[in-house]
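Taking it in order: structure first as structure tokens, then the write-up.
Derivation of every value follows stated rules applied to the coordinates shown; laboratory data play no part. If you're wondering where the values come from, they're calculated on a predicted model, not measured in any experiment. Methodologically, a virtual Cβ is constructed for each residue, glycine included, from the backbone with ideal geometry; neighbour enumeration extends over all protein chains shown.
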Amino acid sequence: MSGAHVEPLMQSRVARPVAPKNWRHPTLLAIFIGIVAATTWSWLYLDMTLLTLFGGLSDLGNLLAYMFPPIWDNFPEALRATIETIWMALIGTTLAVTLSIPLAFLAARNTTPHPIVFAVARAVITLTRAIPTLVLAAVFSISLGIGPFPGIIALGLHSIGMIGKLFTEAIENTDYAPREAVLSTGTGKWQTILSTIVPQISPSCIGTALYRLDINLRESAVLGFVGAGGVGFLIQTELRGIDYQRAISAVSVIFVTITLIEIVSTRLRASIIGDHLSMPKKLNARSQARVARDQRLINTAISTRRLTPPWVYERVLRTTAAATFVALLIAALITIEMPLLSAYKYGDDLVRSIGRLFPPNFTFAREEIIVGMLETTAIGFTATLLGLVLAIPFGILSARNIIIRRAVVSAARGILLLIRGLPELIVAVLFVAAMGLGPVPGTLALSLGTATFMAKLIGDALEEVQESPREGVSATGASRVQEFFSAVVPQALPNLVSQTLYMLDVNLRSSTVLGIVGGGGIGFLLLGSIRVLDEATVGAIIITIFVLVYAIELLGSFVRWMVE
Amino acid sequence: MQVSLPTRNAVANGADPLISLVGVSKRFPNGTLALDNVDLNIPRGQLLSLIGLSGSGKSTLMRHLNGLHRPTAGKVTVMGVEVSSASNRQLRGVRRNIGFVFQQFGLVGRATCLENVLTGALGRLSGPRYGVWSYPKKLRSEAFDHLERVGLVNQAYQRADTLSGGQMQRVAIARSLMQQPQIMLADEPVASLDPESSAQVLDLLLRVAVEEQMTVIVTLHQVELALGWATRIVGLRDGRVVLDRDATTLKQEDAMEVYQRVDKNLAQPSNIAQPSNIATEPAPLALREK
Ligand SMILES: Nc1ncnc2c1ncn2[C@@H]1O[C@H](COP(=O)(O)OP(=O)(O)OP(=O)(O)O)[C@@H](O)[C@H]1O
Ligand SMILES: [Mg+2]
């Protein structure tokens, strides 16, 4: 598109595949070699072979066969548990957003009141992100008991890590000009912030919250594995009890729910962030009528000097959305019977249950911690590799600008959406049920999740490449495949490298909890220590997990900083 | 709306200048000396135009008047308050009386024009506000009046980012009017506008300023525009006042001096710049090699 404006000479210059300048920087090279070495070691450590992979597939086939014909008599129970799962996700996300808003203003460079407050707020955001929801839920359930509360609080606290981070970035990305202009009229700091920063960040913050709601729905579907409410408990009991024919109803209800909500939330986010609410891109008859009606409303409001904004389409939509949200939240709070009034008591319990993790005891289960962490790391690396290998073909197939046949693209995207419909840990439970306990089923489950996520990223990255180099290369008479490798790949590569690192980061976090469902890694020891109330060891494990996850996150952001 | 406000004039104690700068210098943390010992007295009702090359310190000077910047040396007094050492509270009080129009408008794009104008009343209210409905009805009606005055009442419920540049600047002016200011500062209010909307905006700005008997300081790049309306012209160069004259006796050539003398300065380095010409000479060689 932009290529049309580029002069021919420029085109041929841009057309040369350009790698980022410090691509060959020694530090970067060392990191890559390290990652490759770690992946090779992981593969060997887990005794992975292609045979295991295919064996796993056939085991899974057998499991699916056992599930038929399904018995639906527990369908109402599955539905009830799924609805509880949704409510938990909704309350947890709302809790996280509520806590993240003040935190983000304290953590944003341009609104923070003091450098010390800034540092503390940032630390809180990073800390909450590093401890997986399931681990938090398991720890909180010691003092809060079995049920949805520990799950909701875990969701709320862990989500601060992402929501707070993205809110902070949104605040830091706001335009300073309106703020300075309003400040110049003699306003106070918070008056200025509410009038100029909040309107600028609200669309992206709502987008973030919706996105997190999506993630939290998947998370809360597995909280039942540690007794923290939702549909997970049902799924686990049925699969553990080899009641495969019944298990399918809970699995399929949560699958359909997650898929539907993802579709709705993607639409909603696109319309909020893409702003088509106020300016429809295509003016079809309906939107034309809508615009005309809005204009009439505005005209009447102005000619009668109405002092309240007219009910234009966008305002109606926004108000409806807000009212729906409030109604759902109230329904959730009532159904779950959230003890809002005695929250302080639970806060006390929480603080105490965290306090009991200290001082951590690293020596009691030293051997097991080391083995568990090694296995967790190996799973993380292997799953990333396998996921990437799977993702590349799917990613390419789902890029609209590479694959010309729309049917192929839609099919690829459809398959990805369907696989995404099952949370990784539920897939892990299925694999464990099919293949038995151990790191291999866990790795396979994670790599499937990685594949869908990466395929989407690859597809998006490919769709974002600029057209001009492609035109330049194909003008030289190159074939489509040649053009793809010499013009498209180099452009998308830096982005893909940083996304792969991000995936590695995510997988290491996920693999710390796989053990909870018997999928290998440190999670097994963690759950065991929680069950026997060995809190000092739990503390030690959590700190070890935090160090690993934080180190990988630092490494990832360092590489991203160098590559982009 | 064109009612003049005698009470406000009564507040003024005639002899004292409304704005005074004494020995004001500003050195930014990065070492740039943006203002260099500036002395300036501006009486009530004056229409002053500040001219000077890019980087000469015009914006920096304006920002000292409402305390967006604090001087490293010297004293800035506005309406009897020493802005350079005022507390935040005092500063807010002074700012309420100063309308400030920026080159980049400073509107909140996603908010409606009415909301943007209403933010001009925040200084009079206590506590934060969000959305039109959170302002008292009386103020909303006032905001309508100001939009009417700048000719944009039909856009009251339109998002600010759907307006043209000239319209945006008029909304920004309406927001300043909402403050009922005694002083109007405008920092290159028309620099990002086309000539036609420039004329319209500048016209509007001066008309309302005169009607409300405001003291006005406008920085401008175009000398001819400045000469058209100002009663006094002040020229800055390298943070120093190099010209301060009654506009009626000033000829355009004199005003151009502010720019010209810098041009002469530029002319000298261009002589020294010769070695760089030599440096480019081997170019043909390089070509031959190819
Ligand atoms: N916040 C700041 N930090 C450091 N230096 C600054 C800052 N603001 C301005 N300066 C410097 O101070 C000098 C004067 O800048 P100022 O913006 O006042 O010039 P100006 O006359 O308004 O120029 P223009 O016509 O381009 O707007 C310039 O050298 C500029 O680089
Ligand atoms: Mg300037």
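Here the gap between A:Val316 and A:Ala37, fully extended at 0.36 nm per residue and compared with their Cα-Cα distance, gives a gain of 94.8 nm. Magnitude of the charge dipole for the protein assembly as shown, about its Cα centre and with charges confined to Cβ atoms of Lys, Arg (+1) and Asp, Glu (-1), is about 1600 debye.
For B:Arg240, nonlocal amide neighbours, meaning residues 5 or more places apart or on other chains whose placed amide H falls under 5 Å from its own, are B:Asp36. Using C-alpha pairs under 8 Å with a sequence gap of at least 6, the mean separation divided by the residue count of region A:52-200 gives a relative contact order of 25 percent. On the beta carbon distance between A:Asn299 and B:Asp16, with R0 = 45 Å, the FRET formula returns roughly 0.35. Under the combined filter of DSSP loop state and at most 16 neighbouring Cβ atoms within 10 Å, region B:67-147 retains these chymotrypsin sites (Phe, Trp or Tyr not before Pro): B:Tyr130.
Return the distance in nm (one decimal) between the two label points of a simple spin-label model at A:Leu533 and A:Ile404, each offset 7 Å from Cα along Cα→Cβ. Taking the simple label geometry, A:Leu533 and A:Ile404 are separated by 7.0 nm. In straight-distance terms, cross-link reach from A:Lys456 covers every one of the aspartates and glutamates whose alpha-carbon lies under 19 Å from its own, apart from those fewer than eight places away in the same chain; here that gives A:Asp214, A:Glu262, A:Glu424, A:Glu464, A:Asp505. Taking 0.36 nm per residue of sequence separation and removing the Cα-Cα distance, the A:Leu260/A:Ser202 pair yields an extension gain of 18.4 nm.
Say R0 is 22 Å: what FRET efficiency, to the nearest 0.05, do A:Phe358 and A:Tyr550 get from their beta-carbon distance? Working from the Cβ atoms, E equals 0.75.
Ordered by the number of other Cβ atoms lying within 10 Å of each residue's own Cβ, fewest first, A:Arg405, A:Arg509 fall into the sequence A:Arg405, A:Arg509. Using R0 = 56 Å, the C-beta based FRET efficiency linking B:Glu148 and A:Thr27 works out to 0.35. Projected label points at A:Val489 and B:Ala73, each 7 Å from Cα along the beta carbon direction, are separated by 6.4 nanometres.
Quick one: grab the alpha carbon gyration tensor of the protein assembly as shown, order the square roots of its eigenvalues as a ≥ b ≥ c, and give me rounded if a/c is under 1.5, else prolate or oblate depending on whether a/b is larger than b/c. Prolate, because a/c is 1.5 or more and a/b exceeds b/c. Using the Karplus relation 6.51 cos²θ - 1.76 cosθ + 1.60 with θ = phi - 60°, the per-residue 3J(HN,Hα) values for region A:320-328 come to 4, 4, 4, 5, 4, 4, 4, 4, 4 Hz, with x marking Gly and Pro. When A:Thr544, B:Thr119 are sorted by how many other C-beta atoms sit within 10 angstrom of their C-beta, beginning with the fewest, the order is A:Thr544, B:Thr119. Compared with the direct C-alpha span, the chain from A:Ala119 to A:Ile242 gains 39.2 nm at full extension, assuming 0.36 nm per residue.
Magnitude of the charge dipole for region A:317-392, about its Cα centre and with charges confined to Cβ atoms of Lys, Arg (+1) and Asp, Glu (-1), is about 280 debye. The aspartates and glutamates within cross-link reach of B:Lys58, meaning a Cα-to-Cα straight distance under 16 Å and a gap of 8 or more places when in the same chain, are B:Asp36, B:Asp39, B:Asp187, B:Glu188, B:Asp238, B:Asp244. Kindly list the residues of region A:384-407 that lie in the label zone of A:Gln482, defined by a backbone N under 19 Å from the point 7 Å along the Cα-to-C-beta vector. Answer for this model: none. Label positions at B:Arg207 and A:Leu374, each projected 7 Å from the Cα along the C-beta direction, are separated by 8.4 nm. Look at the stretch B:108-115: the mean tally of other chain Cβ atoms within 10 Å of its residues' Cβ atoms is 5. DSSP beta bridges fully contained in the protein assembly as shown are about 55 percent antiparallel. From the square roots a ≥ b ≥ c of the eigenvalues of the alpha-carbon gyration tensor of region B:96-138, which class results: rounded (a/c under 1.5), prolate (a/b over b/c), or oblate? Since a/c reaches 1.5 but b/c is at least a/b, the shape of region B:96-138 is classed as oblate.
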